[in-house]
Structure formats: structure tokens, C-alpha cells
Amino acid sequence: MTTSLCAAFNILTGRIIGKVVERIRSEELLSSLRQIDRCHPKFKDPHIILDDRSAHETQEIRDWLTARPYVHFHFTANQRVLVERCRGVVCPA
């Protein structure tokens, strides 16, 4: 059984907000985003780093993000892309 971690780390205060879930669907992600939004100071822009799962691209998540222009999403590259980039650096064609 695989579990997933939804977590936020405030680099200024060291505070961690997180929970472990069995799987990440848009419902679990939205719950975590709401928790982060409630705990985050309104005068700061949170930057949220996400992987490339499809749960992050649902209409529900897009609507939540559109309603909060101060929130910034950043996506990590998936493993295949990272391997391809490393191959290009280590073994250029």
C-alpha cells in the first residue's frame, strides 16, 4: 500500500502543516490547500510545489486557484523528464 504526504512548510517560522493520506485525489488536495490557505498570512503569497499528478489539474482545483490569485503553483518535472534531462547533460547526443 502506498501512502502520500500532503504537507506545507513555512520557511520563515519552521511551521509544518501536513497529513498522510492513502491516495491523492482532487478532494484530498483541495482539503490540504484549504488548510494551508487558512493558516497562511494573507499578506504573503504562498508558493506551493506540486508533482505532475492529474489530481492537480481538475476543474475544482483550477477554480480554487483562480479565486486566490495570491497563491502560486509550481510543478516538479516527472521522473521521465528528469531522466531525459540527465541523459542530455551526462550523455549529450
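The values are calculated or read from the model by the stated rules, or taken from the named source; none is laboratory data. Computed from a prediction, not measured in an experiment: that's the story for all the values here. Neighbour counts are summed over all protein chains in view; Cβ atoms, including those assigned to glycine, are modelled from backbone coordinates with ideal geometry. In case anyone asks, the SASA skips ligands and DNA or RNA and just uses the protein heavy atoms, side chains included. Shrake-Rupley method; radii C 1.70, N 1.55, O 1.52, S 1.80 Å.
Specify the residue that is least open to solvent (accessible area, probe 1.4 Å); the eligible residues are those in the range 1-13 that are in contact with a strand residue (DSSP E or B) (Cβ under 8 Å, 6 or more places away or on another chain) and farther than 24 Å from residue 69 by Cβ. Applying the filter and picking the extreme gives 4.
Within the range 14-58, being farther than 22 Å from residue 70 by Cβ, part of a strand (DSSP E or B) and open to solvent by less than 40 Å² (accessible area, probe 1.4 Å) holds for one residue alone: 21. In the range 62-77, the residues that are closer than 12 Å to residue 33 by Cα form Cβ pairs under 9 Å with partners that are open to solvent by 70 Å² or more (accessible area, probe 1.4 Å) and part of a loop (DSSP other than H, G, I, E, B), at six or more places apart or across chains, as follows: 71/45; 72/45.
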